[in-house]
Amino acid sequence: MCECEPKQAPGPGGSDGGAPAPRRLKPAPLLFEPPESVAEAEHFFDLESIEDPRELLARSTELALAFRAAADRAVEFQAVAAAQLADPRRFDRLPTAAIAEQAEWSEDYTRKMVEFGRELLRGSRAES
């Protein structure tokens with residue numbers, strides 16, 4: 001063996017071969033309860049501190065639009081995942097009922113999401 005190659009560490013008995021792995025220690029029990037965090041007033045993007053109604057409307061509208069865009073994007077990812085899970089070429093393909101159960105959807109909605117995901121995947125392949 002070359003000096004530049006890493007060597008295997010000796011086992012617990014000092015031998016290099018076939019020694020059983022060392023036992024893992026159990027974590028120590030807590031001797032005290034950690035303090036509960038102090039409950040603060042709920043803050044939603046600091047909107048409650050905005051006093052000017054025009055500024056509040058502008059900021060809250062901006063947030064609403066951003067959340068809608070994020071929700072739309074998340075739904076697209078759900079559809080792509082559903083289409084991939086239902087792909088008949090996969091050896092571990094899931095039936096529609098299993099996807100519906102996992103996503104907490106109806107089977108009808110799942111079929112629509114699978115088709116939507118397939119359309120998205122076809123579109124992404126066409127762009128590439």
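With the structure loaded, tell me whether L63 is at pLDDT 95 or above and in a helix (DSSP H, G or I) or whether it fails that test. No: the conditions fail for L63. All of (1) in a helix (DSSP H, G or I); (2) modelled with pLDDT of 95 or more hold for E48 with one exception: (2).
Could you go through segment 73-88 and let me know if any residue there is at pLDDT below 95 and surrounded by fewer than 16 Cβ atoms within 10 Å (Cβ to Cβ). Yes, the conditions are met somewhere in segment 73-88.
Return yes when D92 is surrounded by fewer than 10 Cβ atoms within 10 Å (Cβ to Cβ), more than 19 Å from R118 (Cβ to Cβ), modelled with pLDDT of 85 or more and not aliphatic (A, V, I, L, M) and no when it is not.
Values: surrounded by fewer than 10 Cβ atoms within 10 Å (Cβ to Cβ): yes; more than 19 Å from R118 (Cβ to Cβ): no; modelled with pLDDT of 85 or more: yes; not aliphatic (A, V, I, L, M): yes.
Taking the combined requirement at face value, the residue does not satisfy it.
Residues that are under 21 Å from the mean Cα position of the chain (by Cα) and either acidic (D, E) or assigned to a helix (DSSP H, G or I) (or both) within segment 98-115 comprise A98, I99, A100, E101, Q102, A103, E104, T110, M113, V114, listed in sequence order.
The values are calculated or read from the model by the stated rules, or taken from the named source; none is laboratory data. Predicted, not measured: the structure shown is a model, and the values here were computed from it. Neighbour counts are summed over all protein chains in view; Cβ atoms, including those assigned to glycine, are modelled from backbone coordinates with ideal geometry.
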